[in-house]
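Comments concern the structure below.
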Amino acid sequence: MDIYALIENDHRVVEELFAKLEETESPRQRERLFEQLKAELLRHKEAEERTFYAALSTLPEITGLIEEALEEHVDAEELIQELEGLDPDEEEWAATLQELREEVEHHVTAEEGEIFAEARKLLNADQAGKLAKEFQAEKERIGF
């Protein structure tokens with residue numbers, strides 16, 4: 001499995017968690033699902049930045065896209081922190097969750113489209129495979 005498939009798998013997990021969060025009526029269930037979502041997003045973000053983005057940021061052809069993606073990570077992390085301070089039973093929590101979902105969806109679309117397309121031009125299959133191993137090891141090391 002290459003780095004692209006691993007990242008895409010993480011994206012699908014996050015999409016499922018967002019869907020479950022929006023479907024549930026129980027505040028307790030929302031809290032539990034949000035904790036899962038938060039862990040997935042933060043583990044993914046850290047591993048991605050330390051491996052995939054670190055490798056790509058050295059390539060001038062793609063640095064602008066990577067800088068934008070890093071800014072989106074910051075925006076998502078700020079929304080996660082905001083959600084932590086809100087009551088999952090309140091409307092503001094639901095609105096902020098929707099904002100986070102939209103931020104993540106925008107990021108995923110740009111990453112799986114533009115960034116992956118450029119990265120595939122710049123990285124060979126061996127490099128993509130090596131990054132996949134590093135990404136997976138980093139996720140395991142980070143925990144959560």
Taking the stretch 122-144, which residues are over 12 Å from I7 (Cβ atoms) and either of a type in the set (S, T, N, Q) or outside any helix (DSSP H, G or I) (or both)? L123, N124, Q127, G143, F144
Which one is surrounded by the fewest Cβ atoms within 10 Å (Cβ to Cβ) among residues in the stretch 89-98 that are out of contact with any Leu (no Cβ under 6 Å at 6 or more places or on another chain) and part of a helix (DSSP H, G or I)? E91
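Can you find a residue in the stretch 82-97 that is closer than 20 Å to E23 by Cβ and of a type in the set (V, I, T)? Walk me through it before giving the result.
First, the residues of the stretch 82-97 that are closer than 20 Å to E23 by Cβ: 83, 86-97.
Next, from what is left, pick out any that are of a type in the set (V, I, T): 96.
Yes; the residues of the stretch 82-97 include at least one that is closer than 20 Å to E23 by Cβ and of a type in the set (V, I, T).
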Neighbours by Cβ (under 6 Å, 6+ apart or cross-chain): first from the stretch 128-144, of a type outside the set (A, V, I, L, M, F, W, C); second in a helix (DSSP H, G or I) and crowded, with 19+ Cβ neighbours inside 10 Å: E134/T51; E138/A47; E138/T51; K139/A47
Here are T51, T63: which of them is among the hydroxyl-bearing types (S, T, Y), without any contact (Cβ under 8 Å) to a residue 40 or more places away in the chain, in contact with a helix residue (DSSP H, G or I) (Cβ under 9 Å, 6 or more places away or on another chain) and more than 16 Å from T96 (Cα to Cα)? T63
Flagged pairs (Cβ under 8 angstrom, 6 or more apart or on separate chains; first in the stretch 72-88, farther than 23 Å from E111 by Cα; second β-branched (V, I, T)) are E82/T96; L83/T96; L86/T96
Scanning the stretch 28-48 for residues that are free of Cβ contacts under 8 Å to residues at least 40 places away in the same chain and farther than 19 Å from Q81 by Cβ gives R28, Q29
Can you name the residue in the stretch 58-77 that is within 13 Å of the chain's Cα centre (by Cα) and surrounded by fewer than 13 Cβ atoms within 10 Å (Cβ to Cβ) and, of all such residues, is nearest to L33 (Cα to Cα)? V74
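Here's the yes/no breakdown for (1) closer than 24 Å to A5 by Cβ; (2) at pLDDT 95 or above; (3) in contact with an Asp or Glu (Cβ under 8 Å, 6 or more places away or on another chain):
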residue	(1), (2), (3)
I66	yes, yes, no
L70	yes, yes, yes
A76	yes, yes, yes
L79	no, yes, yes
T109	yes, yes, no
F116	yes, yes, no
R120	yes, yes, no
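Report whether or not E22 is in a loop (DSSP other than H, G, I, E, B), at pLDDT below 95 and not basic (K, R). Even if it seems obvious, please write down each step before you answer.
Details: in a loop (DSSP other than H, G, I, E, B): no; at pLDDT below 95: yes; not basic (K, R): yes.
Judged against the criteria, E22 is not a match.
The values are calculated or read from the model by the stated rules, or taken from the named source; none is laboratory data. None of these values were measured; they are calculated from a predicted model. A quick note on method: Cβ atoms are made from the backbone with ideal geometry, for glycine too, and the neighbour counts reach across all protein chains shown.
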